[in-house]
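The values are calculated or read from the model by the stated rules, or taken from the named source; none is laboratory data. These figures come from a predicted structure and were not determined experimentally. As a convention, Cβ positions derive from the backbone with ideal geometry for all residues, glycine included, and neighbour counts pool all protein chains shown.
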C-alpha cells in the first residue's frame, strides 16, 4: 500500500472527473496557490478541443483567480457566498453563445455600477443573459501547442473592459471542460483565472 502525501492538494493525474472541484475546494491562496494553479495548467495543456462542441446551457464554476496573491485570497473568500455567474450557453452551429447570471437585484446593481450603459441580452425568470461571445478553434494564446475553443468577446455590444477578455476552453473528460480566462493588456494576453463548465 502506497502512503499518500496529504501535504499537497494535487490528486492523481488520471483522476480528471471531479479533480477540478477538489482542487478548487482545497485552494488556500496563502498556502498552496502555486501548486493548484500549476495543476490547472497541466490539466489545461493535456486537454483537447471540445468534441463534440458544447451545445446549450452548461453549469459554470469559478475555480480560481490568478492575478495577485492577496486579491486571489479575497475572491476565494467571497466567491462561495456570492457568485452571480452561473455558466454559459452555446450555439455550435452559429458559433456563438452568451453568459448566464443570477437574476437578482444584486447582479443588476453590479452590472449597472461596472457597465452603466450596458443592457443585457435577455432577462429570464431563472437567469440574466449577458456578454455574448463568438467561438472558434485555434491554438492557445499562451499555449500555442494546444488547440482550444476560443470564447471571444471582442465585438459590439460588449463593454470595452469585457472586450479585453478572451476565454479558452478544453475538454478534460466527457461533458467536463476547463476554461482559462485571459485579459488583453496592450498587445499581450495575461492569465487571470480558471473556470469549469459541465453538462
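Here are the numbers:
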{"item": "Evaluation of residue 186 against (1) modelled with pLDDT under 95; (2) under 22 Å from residue 38 (Cα atoms) (one fails), failing number", "result": "(2)"}
{"item": "Failed condition for residue 110, given (1) over 16 Å from the mean Cα position of the chain (by Cα); (2) outside any loop (DSSP other than H, G, I, E, B); (3) without any contact (Cβ under 8 Å) to a residue 24 or more places away in the chain", "result": "(3)"}
{"item": "Unique residue being at pLDDT 90 or above, farther than 26 Å from residue 136 by Cα and touching a strand residue (DSSP E or B) at 6+ places or on another chain (Cβ under 9 Å) when the list is 54, 92, 103", "result": "103"}
{"item": "Filtered residues of region 1-23 (kept if in contact with a helix residue (DSSP H, G or I) (Cβ under 9 Å, 6 or more places away or on another chain) and modelled with pLDDT of 90 or more)", "result": "19, 20, 23"}
{"item": "Number of the condition not met by residue 79 [criteria: (1) under 30 Å from residue 144 (Cα atoms); (2) modelled with pLDDT under 95; (3) surrounded by 15 or more Cβ atoms within 10 Å (Cβ to Cβ)]", "result": "(1)"}
{"item": "Any hit, region 165-175, residues being closer than 26 Å to residue 40 by Cβ and outside any strand (DSSP E or B)", "result": "yes"}
{"item": "Single unsatisfied condition, residue 145 versus (1) modelled with pLDDT of 95 or more; (2) in contact with a strand residue (DSSP E or B) (Cβ under 9 Å, 6 or more places away or on another chain); (3) over 30 Å from residue 27 (Cα atoms); (4) surrounded by fewer than 15 Cβ atoms within 10 Å (Cβ to Cβ)", "result": "(3)"}
